[in-house]
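*Asks:* This is the structure I have questions about; it appears just below.
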Amino acid sequence: MASLIKKCECADTKAGRRLDLRKADDRKTAERVWGKCGHSWTVRYRLGGRGTKQTEASYPHTMKKDAEEFARRVESSKVSHLKLTVDRKAGAVPFGDFAETWYADLNGKPLTKDKYRTYLSKHIKPAIGGIRLDGIEASHIEGLRDKLIAAGYAPSTVRGVLSVVKQVLARAVKDKKITATPYVGIKPPKKAPRKERVVATWEQVMLLVEAMPEHLRLASLIMGYTGARIGEVLGLTTACLTDDANVLIFTGSYTRKHGGQRGSLKHRQDGEDRPVPLPGFLRTAIENHITDHQIPEGGYLFPGKKAKVINDDTYRKRFKAALQKAGLPADFRTHDLRHSFTSNRLADGVALTDVALMVGHSDFRTTANYTHRVKDRWAEHAKSMEATYAAATNP
């Protein structure tokens, strides 16, 4: 039978003697003490029943219900004659090797898989990749977490790394490589408070465009007036213009994360495009850019000197150098052009649902986070409603 105990001496110390847990009264005394002390719970069980080797699974004090549920599963497997077995040799595989198996079977969007690959290669495998699956303990995971925090990584990065470790261990339990996951009681770092970003005015956007090198001005203009991400803009080819003069088509994203190849758009399946409104001045600017830079049909709008497309890091360096001329702070990012477009369009009175479609948000609630500029104009809206009321009550 599976038994739930604590291996600490708290109960014996409290009773002043060695308790015999086989006796009901002593067991009750121990359980009262265990309920208050903070030591881990231990489930003792025998996978093959009496005569087989005793095995243990440990759970933090706060996870008593999980420990009890595991004990019930063990007992249930005996009653139904289904063995709850785990091959002891199966857990000998290194964590890093099993993580690669997990990654190979992973279904997800390319950008998500790219991020997980970075977490595995850069952080997880160097730290715990060589440890056997059945040798991974909570302390190893906490050590990885603390190392990342000490190195100055953002809370979002640390939480992402921990999420991958948790998923790999959950898969190991499912595949019966280990009996229980050691990922218990691991506290991820708190999310960093959202920093209030600077919103560039339409005038500042144009000053920034003019301050950019000539061959990159169009990229900034497109980002500033469509809300596109930098990878989406760098991924544009001459095919972005169609017979519809009022539409610009984004068909892929091109950044270093895609290994120098065009990847799918965020929140889109492979091959799925995203149309956005195209004002006349922007269409003219794109056509002039194609002519002036002799971009061949089907070619990328922003080719690099040695590569198909200019490196996004190169663009960011030129962008940083242009900020001062535009009167924008030094920490203004390329992505802030996207935030500025979203905020300015909402402030201009464009419907939230329309703006969400323009910038490719998969959830309208994301777009709602940009309504602070609308609040800046509440006094104006109040006067407008006052005028409407006056007209209605004094015909």
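*Asks:* If I filter the range 8-25 down to residues being surrounded by 12 or more Cβ atoms within 10 Å (Cβ to Cβ) and assigned to a helix (DSSP H, G or I), which single residue comes out as farthest from the chain's Cα centre (by Cα)?
*Replies:* Here the residue is ALA15.
*Asks:* Is at least one residue of the range 307-321 among the small types (Gly, Ala, Ser), at pLDDT 90 or above and either surrounded by fewer than 11 Cβ atoms within 10 Å (Cβ to Cβ) or closer than 24 Å to VAL359 by Cα (or both)? Even if it seems obvious, please write down each step before you answer.
*Replies:* Just the residues of the range 307-321 that are among the small types (Gly, Ala, Ser), to begin with: 307, 321.
When the remaining residues are screened for being at pLDDT 90 or above, the result is 321.
The next check asks that each one be either surrounded by fewer than 11 Cβ atoms within 10 Å (Cβ to Cβ) or closer than 24 Å to VAL359 by Cα (or both); those that pass are none.
Taking every residue of the range 307-321 in turn, none turns out to be among the small types (Gly, Ala, Ser), at pLDDT 90 or above and either surrounded by fewer than 11 Cβ atoms within 10 Å (Cβ to Cβ) or closer than 24 Å to VAL359 by Cα (or both).
*Asks:* Since GLY143 meets every condition but one in (1) crowded, with 21+ Cβ neighbours inside 10 Å; (2) at pLDDT 90 or above, which condition does it not meet?
*Replies:* Answer for GLY143: the failing condition is (1).
*Asks:* Hey, can you tell me all the residues within the range 284-326 that are more than 17 Å from PRO213 (Cα to Cα), of a type outside the set (A, V, I, L, M) and in contact (Cβ under 8 Å) with a residue 24 or more places away in the chain?
*Replies:* GLU287, PRO296, GLU297, GLY298, GLY299, TYR300, LYS308
*Asks:* Based on this model, can you work out whether VAL164 counts as in a helix (DSSP H, G or I), modelled with pLDDT of 85 or more and not small (Gly, Ala, Ser)? Before you say what the answer is, go through the steps one by one.
*Replies:* Values: in a helix (DSSP H, G or I): yes; modelled with pLDDT of 85 or more: yes; not small (Gly, Ala, Ser): yes.
For VAL164, the condition - in a helix (DSSP H, G or I), modelled with pLDDT of 85 or more and not small (Gly, Ala, Ser) - is met.
*Asks:* Test of understanding: among LEU248, LEU282, which residue is assigned to a helix (DSSP H, G or I), modelled with pLDDT of 85 or more and within 18 Å of LEU357 (Cβ to Cβ)? Steps first, please.
*Replies:* On the way: LEU248 fails: assigned to a helix (DSSP H, G or I).
None of the others qualify; the one that does is LEU282.
*Asks:* Another question, if that's okay. With respect to GLY51, is the statement that it is at pLDDT below 80 and not aromatic (Phe, Trp, Tyr) true?
*Replies:* Values: at pLDDT below 80: yes; not aromatic (Phe, Trp, Tyr): yes.
So GLY51 passes the test.
*Asks:* Does ILE186 qualify as being under 27 Å from the mean Cα position of the chain (by Cα) and in the same structural domain as ILE290 (by TED's automatic domain parsing)?
*Replies:* On the way: under 27 Å from the mean Cα position of the chain (by Cα): yes; in the same structural domain as ILE290 (by TED's automatic domain parsing): no.
Against the criterion (under 27 Å from the mean Cα position of the chain (by Cα) and in the same structural domain as ILE290 (by TED's automatic domain parsing)), ILE186 does not qualify.
*Asks:* Name the single residue that is farthest from the chain's Cα centre (by Cα) among those in the range 26-39 being closer than 17 Å to THR62 by Cβ and among the hydrophobic types (A, V, I, L, M, F, W, C). Explain how you work it out, then say what you get.
*Replies:* Quick first cut of the range 26-39, residues closer than 17 Å to THR62 by Cβ only: 31, 33-39.
Still in the list and also among the hydrophobic types (A, V, I, L, M, F, W, C): 33-34, 37.
Values: VAL33: 41, TRP34: 38, CYS37: 36 Å.
Looking at residues that are closer than 17 Å to THR62 by Cβ and among the hydrophobic types (A, V, I, L, M, F, W, C), I get VAL33.
*Asks:* Would you say ALA239 is modelled with pLDDT of 90 or more, hydrophobic (A, V, I, L, M, F, W, C), in the same structural domain as SER340 (by TED's automatic domain parsing) and surrounded by fewer than 21 Cβ atoms within 10 Å (Cβ to Cβ)? Working first, answer last.
*Replies:* Numbers: modelled with pLDDT of 90 or more: yes; hydrophobic (A, V, I, L, M, F, W, C): yes; in the same structural domain as SER340 (by TED's automatic domain parsing): yes; surrounded by fewer than 21 Cβ atoms within 10 Å (Cβ to Cβ): yes.
When the stated conditions are applied, ALA239 passes them.
Residue-wise test of (1) over 22 Å from ARG316 (Cβ atoms); (2) among the hydroxyl-bearing types (Ser, Thr, Tyr).
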| residue | (1), (2) |
| --- | --- |
| VAL184 | yes, no |
| PRO188 | yes, no |
| ARG229 | no, no |
| TYR254 | no, yes |
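*Asks:* Okay, moving on. Looking at (1) within 26 Å of the chain's Cα centre (by Cα); (2) surrounded by fewer than 17 Cβ atoms within 10 Å (Cβ to Cβ); (3) not in a helix (DSSP H, G or I), find the lone condition where LYS176 falls short.
*Replies:* If we test LYS176 against (1) within 26 Å of the chain's Cα centre (by Cα); (2) surrounded by fewer than 17 Cβ atoms within 10 Å (Cβ to Cβ); (3) not in a helix (DSSP H, G or I), just (1) comes out false.
*Asks:* Output the number of residues of the range 179-205 satisfying the condition of being part of a helix (DSSP H, G or I) and crowded, with 17+ Cβ neighbours inside 10 Å.
*Replies:* First pass over the range 179-205, keeping only residues part of a helix (DSSP H, G or I): 202-205.
Restricting the remaining residues to those that are crowded, with 17+ Cβ neighbours inside 10 Å gives 204-205.
Count: 2.
*Asks:* Something else about it: List every residue pair whose Cβ atoms sit under 6 Å apart, with the two residues 6 or more apart in sequence or on different chains, where the first one lies in the range 102-122 and is aliphatic (A, V, I, L, M) and the second, anywhere, is assigned to a helix (DSSP H, G or I) and surrounded by 13 or more Cβ atoms within 10 Å (Cβ to Cβ).
*Replies:* Correct list of pairs: LEU120/ALA99.
The values are calculated or read from the model by the stated rules, or taken from the named source; none is laboratory data. If you're wondering where the values come from, they're calculated on a predicted model, not measured in any experiment. Note: ideal-geometry Cβ built from the backbone for every residue, glycine included; neighbour counts use all protein chains shown.
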